[in-house]
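Okay, so here's the structure we're looking at.
What follows draws every value from the coordinates through simple rules; no lab data is involved. Being a predicted model, the structure only gives us computed values, none of them experimental. Note that we place each Cβ from the backbone using ideal geometry, even for glycine, and neighbour counts take in every protein chain shown.
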Amino acid sequence: MPQSDVRPWIGHALLAAILLAALALRVDGVGFGLPALNDPDEPLFLATAFEMLRTGSLNPGWFGHPGTTTLYALALIMLAVGGLGLATGRFANADAFAAAVYADPGLLVLPARLFIVLCGVACVWLTYRIGKRLGGVRVGLVAAAMLAVNAVHIEYSQIIRTDIQASLFMLFGAMSALAIADAGRRRDYILAGIFTGLACATKWPAATIGLTVVYAYVHRARQGKGRGRDVALFAFVAAATLFLVSPYLLLDQAAVLKNLSGEARPLHPGATGGGLIGNLGWYVTGPLLSSMGIGALLLAALGLVWGAGKDRRWALVILPFCMVFLLLIAAQSLRWERWIIPLLPFAAIAAARALCSLVELSPAIGRHRLVLPAATLLLLAPMLATARIEATERRHDTRQIASAWLREHVPAGSSVLIEHAGFDLLAARWRLRFPLGSAGCVDVDDMLGGRMGYSEVEDRRRGAAIVDIGHVDLARLDSCRADFIVVSNRLRYRADPLAYRDELRRYDRLIGTGTLRLTIRPEAGRSSGPEVQIFEPTPSPPPPADSDPDDRT
């Protein structure tokens, strides 16, 4: 179907349907795990934003991603939720609001996740806009549909992290770069600078979207139309935006350097990379293949290079950025599924370009109006099936299964040590403890009751990648003894005992010859999460009745 055959009202109706589907898929199950927080970084972002409000400071005090735009957005969401609660009488004062949030983080988590959902849907819309600019309405619609049902994109559109928001700014930046390639207007250089600065203030590697502007300038310069002062203006606006949005990158450089050194770690259980080639293979055969399916992935590979000569903007502006970004993340010591998110919209556009071009190759096929829709649906079906399976798995996390077992089997008054943010266990009549680095294991009621501020938590964790038993100060390990111990990271360390021998030594010393009561493993198609183990340690024998603890003879 030629582009001219797509009537405007049909295109608008299909786009609306795609955006509604994207919204529905991302809203469905957005409350997974609550009130527990299964993603380890969600408590970090929430606590940082909450600390800013509590102290009345605009300094996040944390710049690991740097995540500034996300943290400020979270602070505004918290103000809105708290203000609405105070105005309607649900909370008597700010202290009552804080107590309610500690008891049920879902009061803030759900609105914050919905904000990320909207960012994810906006990414789908921008994917349509870019695809339309590069290949027409059909390419835009097919690309948007592919991103709408992409399982990885859906998953991280439901989590309070920086990845989706950074991708949003990057797509705006790519739109501006394409506008520069087309017309070279100064306002497009300024817009590109703003979006590049916002992207960098959200996630450091997102600054690479600025390469599209450089490539667009080179494209125009080859035509004798490029102006060097416009590129300089872009660079100035990008830097100015970054430091206007996140001024404490300059004002709190000590924290910046500390956080960056903490992020640059060579090992992480379950995420240690395998070198450039190994990581490239992992990204392609892992998150890209699982979320796109073999058909769409092959089309994306074909679309990256095929027909590049027909559209110099794709070849000179978008394709080089995609290659550089993929090599950048593959060259890191660690590898994370979420790092591929900024490339997913461009992979969808590449697949859509290839599919539409294949249909156009044969005039006989191209005349049949249902060929492209049918082929698109064939590609979308396995992608949608994967997304629905993973949504089901997220609803049944191993940590919530462990919580259900604990409620049924642990007597009231027992002490329970947990490694994850198990807010769903706060109502239980147990003494909950949580591992916290140099502090040993702390009482959860004391920790949430305001007697331990976020800055102290950060000091206690000493920049550790994970807050767990494996990173507790050995001298404080006895403070972690409990009637039941729930561990969610031990088996990850067991997978590489040489690299994590110190962490495993802490687990072995704490658990000793205790009884393993239950191991909960994720099941494909049914549940997700880490392998959780529940131990009942062997009680230490009491000293003899006639012994004198001070007797040295």
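Here region 28-54 is scanned for amide nitrogen atoms under 13 Å from the site 7 Å beyond the Cα of residue 86 along Cα-to-Cβ, giving 53-54.
Apply the a/c threshold of 1.5 to the C-alpha gyration tensor of region 130-263 and tell me whether it is rounded, prolate or oblate. Taking the square roots of the gyration eigenvalues as a ≥ b ≥ c, region 130-263 is oblate.
Using only alpha-carbon positions in region 11-117, the gyration tensor eigenvalues give semi-axes of 27, 18, 14 Å once each is multiplied by 5 and square-rooted (largest first). Each 5 Å bin from zero up to the one holding the largest Cα-Cα distance in region 110-170 carries the following percent of pairs: 4, 22, 27, 22, 14, 7, 3, 0. Centroid-to-centroid, using Cα positions, region 430-448 and region 105-160 are 38 Å apart.
In straight-distance terms, cross-link reach from residue 132 covers every one of the aspartates and glutamates whose alpha-carbon lies under 17 Å from its own, apart from those fewer than eight places away in the same chain; here that gives 5, 182, 311, 360.
For residue 203, the amide hydrogen comes within under 5 Å of the amide hydrogens of 67, counting only partners 5 or more places away or on other chains and with H modelled in the peptide plane. A Förster radius of 45 Å combined with the Cβ-Cβ distance from residue 59 to residue 378 puts the calculated FRET efficiency at roughly 0.30. Ellipsoid semi-axes for region 398-536, based on the Cα gyration tensor and the rule √(5λ), read 21, 20, 15 Å when sorted largest first.
Using the alpha-carbon positions of the chain, Rg (one decimal) and Dmax (whole number) come out as 26.0, 100 Å. Simple rule: put +1 on each Lys or Arg Cβ and -1 on each Asp or Glu Cβ in the chain, find the dipole, and look at 167, 437, 324; the Cα lying farthest toward the positive end is 324. What the phi angles of region 142-158 give under the Karplus curve with 6.51, -1.76 and 1.60, with θ = phi - 60°, is a coupling list of 5, 5, 4, 5, 5, 5, 4, 9, 5, 5, 5, 5, 5, 4, 7, 7, 10 Hz, glycine and proline written as x.
Computed 3J(HN,Hα) for region 271-277, one whole-Hz value per residue from the Karplus formula 6.51 cos²θ - 1.76 cosθ + 1.60 where θ = phi - 60°, is 9, 6, x, x, x, 4, 5, glycine and proline marked x. When 190, 520 are arranged by Cβ crowding within 10 Å, least crowded first, meaning fewest neighbours, the order is 190, 520. Considering helices alone, the calculated mean residue ellipticity of the chain at 222 nm is -18500 deg cm²/dmol, with DSSP H runs of length four and up weighted by -39500 (n - 2.57) and normalised per residue. Left without a cysteine partner by the 4.7 Å Cβ rule in the chain: 119, 123, 200, 322, 356.
Three semi-axes describe the equivalent ellipsoid of region 60-177; taken as square roots of 5 times the Cα gyration tensor eigenvalues and ordered largest first, they are 35, 15, 12 Å.
Rounded to the nearest 10 degrees, the angle from helix 106-135 to the longest Cα principal axis of the chain is 20 degrees. Between residue 243 and residue 508, with labels modelled 7 Å along Cα→Cβ, what's the label distance in nm to one decimal, could you check? A separation of 5.2 nm, rounded to one decimal place. Taking the average, over residues, of other Cβ atoms within 10 Å as the packing measure, peptides 256-265, 372-381, 316-325, 196-205 rank 196-205, 316-325, 372-381, 256-265 from highest down.
Per-residue Karplus couplings for region 59-64, computed as 6.51 cos²θ - 1.76 cosθ + 1.60 with θ equal to phi - 60°, are listed in order as 7, x, x, 9, 9, x Hz, Gly and Pro entered as x.
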